[in-house]
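Data first, discussion second: the structure below is written as structure tokens.
The values are calculated or read from the model by the stated rules, or taken from the named source; none is laboratory data. Predicted model only: the values in this text are computed from it and were never measured. Cβ placement follows ideal geometry from the backbone for every residue including glycine, while neighbour counts extend to all protein chains displayed.
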């Protein structure tokens with residue numbers, strides 16, 4: 001992850017070339033071509049205590065063109081390798097959905113987008129690289145604001161620089177920003193917030209200046225390209241990441257996916273920020289700050305019990321907060337602090353919690 | 001709508017001042033204070049054939065502090081007038097949700113956000129101005145890209161200029177962009193597209209250069225601030241607006257709300273672009289371009305019948321397209337053109353349809 005986006009794309013292209021050569025070599029030698037990759041089956045997904053995230057185990061699977069059952073996914077995977085190589089060469093990006101439809105231009109069949117998404121994930125496992133490295137992005141995008149200068153690697157914009165404090169509504173974290181070089185920043189930390197409303201509040205109240213911070217709107221559970229970008233800010237610039245969510249089990253889990261990843265992406269270890277800290281809003285905060293609340297729904301309660309048994313939540317603090325949720329049966333939103341004033345969350349809550357989390 | 005955002009805010013503040021003075025005057029003269037506004041009841045919402053949009057009729061409603069039933073909404077409305085005046089003076093914005101929680105800081109009760117949203121709409125009707133004019137925004141935001149230079153009026157950024165072709169992922173249309181002055185542009189038209197994926201495709205394929213166009217991602221049914229911004233581009237700069245949506249009844253309706261507004265916002269006539277044109281994807285296009293399709297769902301069919309009876313759809317072209325949807329029972333997505341190639345929609349479909357629509 002330390003390597004630059006441009007270098008990473010070059011590495012992916014090299015890997016794709018090797019993959020292609022291997023197929024040709026097998027054919028030329030009269031062997032049915034086959035590929036091998038880590039198994040992503042549930043049995044092979046294990047929680048790594050040291051990395052504090054899910055990883056794939058040692059089992060590997062083969063896909064051989066000799067096996068009639070393998071032939072379809074084998075062909076789809078090889079086509080995808082060809083297609084993304086073309087994307088990189090042409091400096092284009094594609095959405096997950098575009099991939100599904102594009103296959104038809106080449107006579108490759110996917111019965112639905114779920115099937116093409118599956119093959120895209122297979123290629124990630126095969127190469128050990130995130131699809132962002134081969135130009136496939138989701139639709140959803142979130143935003144960033146603050147004093148950081150980036151330099152585009154996007155065709156037509158190569159070498160152009162932009163400071164992300166210049167547009168107060170924030171900069172979309174799309175393909176161009178995801179792949180930009182991070183040139184310099186005065187920032188000392190990153191705040192990742194769950195909602196656009198709070199993001200705007202933070203910008204208006206100058207959190208970026210008061211805390212020398214970058215502010216990221218995750219727009220709910222962040223799209224993977226945003227997790228990828230948060231990791232880059234953390235790893236390449238050494239910035240600590242603090243996460244602010246609504247006080248409910250789903251909010252907690254937004255933090256947890258940023259910090260410890262998801263089982264779905266267990267085959268990639270480069271999407272997490274293991275040192276990210278959850279500032280809140282915690283279940284305890286609802287009591288401490290006497291926040292307006294609503295009752296947990298049955299679904300919230302079910303989710304809280306699930307999380308209690310999730311290995312990512314073994315830490316005592318998370319267990320305690322889940323217990324408070326279940327005992328008090330209350331949830332609250334980030335906007336609830338407006339009960340005191342629009343400035344309260346920035347001027348009072350934020351410094352309180354930063355202090356608390358640093359003492360953990 | 002021709003006046004600048006800064007001038008509009010000053011006008012709103014003047015209106016709020018007059019409202020406050022009226023209340024004081026009534027109290028000082030021993031009269032129970034009351035306010036009057038256009039009725040937003042269904043009976044008073046009529047379709048204006050000339051404006052081609054819903055408008056409120058002539059009925060007006062009174063809210064008197066003498067009437068025990070009126071006292072609650074009367075107090076809420078007056079508080080809101082005070083609160084948004086404070087927002088404007090302090091150069092802050094608020095989300096709809098923030099307003100709900102902020103009320104508690106002042107001892108004003110709303111039983112839920114639906115109730116505060118209702119009062120926010122009442123204030124719009126009372127002033128005849130959109131809530132964007134008094135700094136209340138939704139959470140959702142969409143994006144724009146292209147050669148247009150804007151000048152911020154946002155506190156801390158006043159007078160700073162930005163060219164919106166500098167960030168290829170697009171610029172969020174949030175409070176700062178919504179209220180920026182539109183300084184200059186080389187653009188000759190605006191393409192409003194329903195999806196982030198297509199937005200990125202358009203930027204990558206240089207639609208902004210090939211067509212001298214601004215590209216707007218409406219992110220589904222556009223948030224009102226985006227409709228407001230599209231109208232500004234149309235009215236202040238004289239740019240024609242072309243809308244591209246998925247080929248289904250819901251997609252058509254994205255176009256229709258941009259062009260003709262919604263019954264919900266009948267009390268505001270300044271959110272529409274009456275001259276906006278729907279490029280497609282039409283029901284007929286699914287056949288013409290042999291697009292991959294899926295069957296209409298029962299819900300789609302129900303929606304199509306509703307639209308057939310909607311006065312905004314009286315135009316022959318819309319009736320015909322709704323009939324094709326119902327007869328063929330097919331829908332398709334914008335991404336479906338990738339069946340031919342990723343460039344097809346830009347290089348072939350777009351010029352075809354621009355020609356077709358100009359001949360209408």
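Residues checked against (1) out of contact with any helix residue (DSSP H, G or I) (no Cβ under 9 Å at 6 or more places or on another chain); (2) over 21 Å from residue B:258 (Cα atoms); (3) modelled with pLDDT of 90 or more:
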{"residue": "B:2", "(1), (2), (3)": "no, no, no"}
{"residue": "B:8", "(1), (2), (3)": "no, yes, no"}
{"residue": "B:11", "(1), (2), (3)": "no, yes, yes"}
{"residue": "B:19", "(1), (2), (3)": "no, yes, yes"}
{"residue": "B:27", "(1), (2), (3)": "yes, yes, yes"}
{"residue": "B:49", "(1), (2), (3)": "no, no, no"}
{"residue": "B:52", "(1), (2), (3)": "no, no, no"}
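Okay, residues lined up against (1) over 30 Å from residue B:130 (Cβ atoms); (2) out of contact with any helix residue (DSSP H, G or I) (no Cβ under 8 Å at 6 or more places or on another chain); (3) not assigned by TED's automatic domain parsing to the domain that holds residue B:190:
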site: B:262; (1), (2), (3): no, yes, no
site: B:324; (1), (2), (3): yes, no, no
site: B:330; (1), (2), (3): yes, no, no
site: B:333; (1), (2), (3): yes, no, no
site: B:351; (1), (2), (3): yes, yes, no
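Within segment A:294-312, track down each residue that is at pLDDT 95 or above and touching a helix residue (DSSP H, G or I) at 6+ places or on another chain (Cβ under 6 Å).
Listed by number, the residues that qualify are A:300, A:303, A:304, A:307, A:308.
Quick one: residue B:227 ticks every box in (1) more than 14 Å from every other protein chain (Cβ to nearest Cβ); (2) not in a helix (DSSP H, G or I) bar one, so which box is it?
All conditions pass for residue B:227, except number (2).
What are the pairs, 6+ residues apart or on separate chains, where a residue within segment B:9-33 that is under 27 Å from residue B:181 (Cβ atoms) has its Cβ under 7 Å from a residue that is at pLDDT below 95 and outside any helix (DSSP H, G or I)?
Partner pairs satisfying both residue conditions: B:12/B:129.
Please enumerate the residues belonging to segment A:99-110 that are facing chain B (nearest Cβ under 9 Å) and without any contact (Cβ under 8 Å) to a residue 24 or more places away in the chain.
A:100, A:101, A:102, A:104, A:105
Which count do you get for residues in segment A:195-224 that are at pLDDT 90 or above, facing another protein chain (nearest Cβ under 10 Å), within 19 Å of residue A:336 (Cα to Cα) and over 17 Å from the mean Cα position of the chain (by Cα)?
7
Across segment A:60-75, what is the number of residues that are surrounded by 15 or more Cβ atoms within 10 Å (Cβ to Cβ) and closer than 17 Å to residue A:39 by Cα?
The qualifying residues number 6.
Please determine, by comparing only the residues of segment A:166-189 that are more than 9 Å from every other protein chain (Cβ to nearest Cβ) and under 21 Å from residue A:137 (Cβ atoms), which one is modelled with the lowest pLDDT.
Only one residue fits best here, namely A:179.
Kindly evaluate residue A:239 against the criterion of being over 20 Å from residue A:137 (Cβ atoms) and either under 15 Å from the mean Cα position of the chain (by Cα) or in a loop (DSSP other than H, G, I, E, B) (or both).
Criteria met by residue A:239.
Here is a list: B:326, B:322, B:354, B:360. Which entry is within 25 Å of residue B:190 (Cβ to Cβ), away from chain A (no Cβ under 14 Å) and modelled with pLDDT of 95 or more?
B:354
Could you identify the single residue in B:77, B:95 that is away from chain A (no Cβ under 14 Å) and touching a residue at least 12 places away in the same chain (Cβ under 8 Å)?
B:77
May I ask you to list the residues in segment B:29-47 that are within 19 Å of residue B:257 (Cβ to Cβ) and surrounded by 12 or more Cβ atoms within 10 Å (Cβ to Cβ)?
Hits for segment B:29-47 are B:40, B:45, B:46, B:47.
Take residue A:232 and decide whether it is over 19 Å from residue A:245 (Cα atoms) and in contact (Cβ under 8 Å) with a residue 60 or more places away in the chain.
So residue A:232 fits the description; yes.
Name the residue that is surrounded by the most Cβ atoms within 10 Å (Cβ to Cβ), counting only residues in segment B:145-164 that are more than 9 Å from chain A (Cβ to nearest Cβ) and either in contact with a helix residue (DSSP H, G or I) (Cβ under 7 Å, 6 or more places away or on another chain) or at pLDDT below 95 (or both).
B:146
Kindly check whether there is at least one residue in segment B:121-130 that is within 13 Å of chain A (Cβ to nearest Cβ) and either over 30 Å from residue A:164 (Cβ atoms) or surrounded by fewer than 20 Cβ atoms within 10 Å (Cβ to Cβ) (or both).
No: segment B:121-130 contains no residue that is within 13 Å of chain A (Cβ to nearest Cβ) and either over 30 Å from residue A:164 (Cβ atoms) or surrounded by fewer than 20 Cβ atoms within 10 Å (Cβ to Cβ) (or both).
Being touching a helix residue (DSSP H, G or I) at 6+ places or on another chain (Cβ under 7 Å) and over 21 Å from residue A:170 (Cα atoms), is that true of even one residue in segment B:181-189?
Within segment B:181-189 (the criterion being touching a helix residue (DSSP H, G or I) at 6+ places or on another chain (Cβ under 7 Å) and over 21 Å from residue A:170 (Cα atoms)), the answer is yes, since at least one residue qualifies.
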